[in-house]
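Everything below concerns the one structure shown next.
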Amino acid sequence: MKATPPEHAPPSSAATPRRRGALLGALAVSLGLLGGCVAFERSPVAERSCDPELPGEWNLRADGIAKRIRIDARCHTEDWPGLREQPVALDLTGFKVGRDRYIVLTPADAERAIGAEQKQLSKTAPAGAVFLVLYRIEGDQANAWLPDSQRALTAIAAGSLRGRKLEDRFALVEGTSQQLRDTLEEHAGLLYDTDKKAMVLQRATAKDTR
């Protein structure tokens, strides 16, 4: 990410609402709500697992906004920044495909993560559908990406992906669990633009806690 959190005094009261709005906007964009969503017909795995490299304390950065989160040994966090920066509980479990790791979010999970009060995702996604966050861990940094709806719709229209359009800019990728795993292994580039990071997680150090 280009920007890093300022190391100066806390922002003035006038700047605080802008920062809060920016954080919510960044997280909404991060989960695809503003640019359209990509849902998967079902989870690519029967059971999610906890990535052993994910637990710990991380500094989350999205669009230059920083938030400290703690992920426990079950890949559960109680302090994900939800609506109006109120912490929400979220399970960050998922699966791996080669070097790529994915967090599986139900529509309800995704709504809590972005503070969607009107349940837009639950209303749009068919029963059993999930949302997948791609991330890769390199050293003490985790980079995360969300599937690009326009990218997915273009691939679906061209016949490169099996799926259909949902409402306006929403895409549904269809298939069995095995077919979806194969799609992620062989054609992830049709879904994820890895030049556009949704967020960065930097593992917290002892220095960060002082």
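The values are calculated or read from the model by the stated rules, or taken from the named source; none is laboratory data. Because the structure is predicted, anything quoted here is derived from the model rather than measured. Neighbour counts are summed over all protein chains in view; Cβ atoms, including those assigned to glycine, are modelled from backbone coordinates with ideal geometry. For accessibility, only protein heavy atoms count, side chains too; no ligands or nucleic acids. Shrake-Rupley method; radii C 1.70, N 1.55, O 1.52, S 1.80 Å.
List of remarks:
- Hits in region 40-79 (condition: farther than 28 Å from Thr124 by Cβ, touching a Leu at 6+ places or on another chain (Cβ under 8 Å) and open to solvent by 70 Å² or more (accessible area, probe 1.4 Å)): Arg68
- Only one of the numbered conditions (1) under 14 Å from the mean Cα position of the chain (by Cα); (2) in contact (Cβ under 8 Å) with a residue 60 or more places away in the chain; (3) farther than 17 Å from Thr183 by Cβ is violated by Arg136, and that is (2).
- Residue match in region 20-42 (condition: at pLDDT below 95 and basic (Lys, Arg)): yes
- Test: residue in region 201-209 that is among the acidic types (Asp, Glu), surrounded by fewer than 19 Cβ atoms within 10 Å (Cβ to Cβ) and at negative phi: yes
- Boolean, Ile69 is part of a strand (DSSP E or B) and at pLDDT below 95: yes
- Residues of region 121-139 that are surrounded by fewer than 16 Cβ atoms within 10 Å (Cβ to Cβ), over 16 Å from Lys197 (Cα atoms) and either acidic (Asp, Glu) or out of contact with any Ser or Thr (no Cβ under 9 Å at 6 or more places or on another chain) (or both): Lys123, Pro126, Ala127, Gly139.
- Filter result for Arg151 (in contact with a helix residue (DSSP H, G or I) (Cβ under 9 Å, 6 or more places away or on another chain), basic (Lys, Arg), in contact (Cβ under 8 Å) with a residue 60 or more places away in the chain and closer than 20 Å to Leu172 by Cα): no
- Hits in region 149-200 (condition: open to solvent by less than 20 Å² (accessible area, probe 1.4 Å) and over 29 Å from Leu60 (Cβ atoms)): Ala155, Leu161, Gly175
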